[in-house]
Structures are given as structure tokens and as C-alpha cells.
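Before any comments, here is the structure.
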Amino acid sequence: MKKPPKKPEKISRVYRIRATIRELKRTNLVISYHYQKRNLEYLRGCKKRGIKPDKNRLFNNQVICDMVQQLHEKELESRGTHPQWEAWKYYAYNQVIDKRNQRTYKIIIFLDDDDPNFVGFVNILYPENN
């Protein structure tokens with residue numbers, strides 16, 4: 001009897017950035033795998049409707065790195081902490097521009113008070129005007 005294929009492991013990857021966020025130089029960007037769910041939902045929706053997907057609405061890791069880099073030396077306001085790790089502070093609704101199509105998006109990141117080099121990318125939000 002054949003075993004079913006294993007699901008791929010969900011791994012967050014670390015990328016190098018150079019940005020000063022909240023007055024600290026940040027060098028490590030960890031991109032969560034959760035944002036990929038939005039890409040898959042978009043592709044399924046296009047297939048279901050029989051329309052061609054707009055590649056500018058798909059977000060790869062390089063696009064996300066460029067978006068987070070835009071937060072360099074910008075004033076950010078904390079929107080809360082992680083329920084299990086108080087050192088993780090969330091910063092939501094920070095507007096950035098997708099350089100591929102000049103659309104404005106909002107992103108959610110978190111910073112770890114215990115690791116000053118760290119930036120965690122959580123998700124991309126679509127503003128109402130897109």
C-alpha cells in the first residue's frame with residue numbers, strides 16, 4: 001500500500017535587510033509562510049472564475065523584503081503584543097508601495113524586544129482603494 005505524500009513543512013525563512021526601525025538597526029527579516037495562503041486563495045479564485053491572474057497581485061519574498069525596507073527610519077506605532085510572548089510587539093497598518101505597480105498596501109510586522117536585529121513579517125493587507 002502506497003503512503004500519501006507528506007505535506008511540505010511550513011518554514012519561515014530569514015532574509016538580510018538594512019533598515020533602522022524603532023531607532024535600531026535591523027538586519028534579519030523573517031518572512032512568515034502565512035502570507036503565501038493569500039497567494040493561493042487568489043490563484044484558486046481566478047481559476048474558479050476562469051480569469052487570468054494578475055502577477056502583480058502575487059507577492060514573492062523579494063517584493064516583501066522591498067516593502068519592509070521602506071519602513072527605514074519611519075515612525076511606527078505599536079498595535080499590541082503577542083498573547084504568548086510579550087517581547088513581540090506588533091506594528092500594523094504601515095503603508096508601503098509595491099514598486100512593481102505603484103500600488104499602496106498596508107503590512108503587519110512585529111519586532112522582538114529581546115532581539116534588536118529582528119523584524120518579523122506577518123501579512124499584507126489590501127487597502128480599499130486597490
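The gain in end-to-end length when the LEU76 to VAL63 segment is fully stretched comes to 2.6 nm, 0.36 nm per residue minus the alpha carbon separation. Count charges around VAL119 for me, please; just the other residues with Cβ under 12 Å from its Cβ, Lys/Arg as +1, Asp/Glu as -1. Around VAL119, the charge tally is +4. Across the chain, the mean sequence separation of Cα contacts (distance under 8 Å, 6 or more residues apart), normalised by length, yields a relative contact order of 25 percent.
Rule-based calculations on the coordinates, nothing more; no lab input. Treat the numbers as computed from the prediction; the structure is a model and nothing was measured. In this analysis, Cβ positions are derived from the backbone assuming ideal geometry, glycine residues included, and neighbour counts consider all displayed protein chains.
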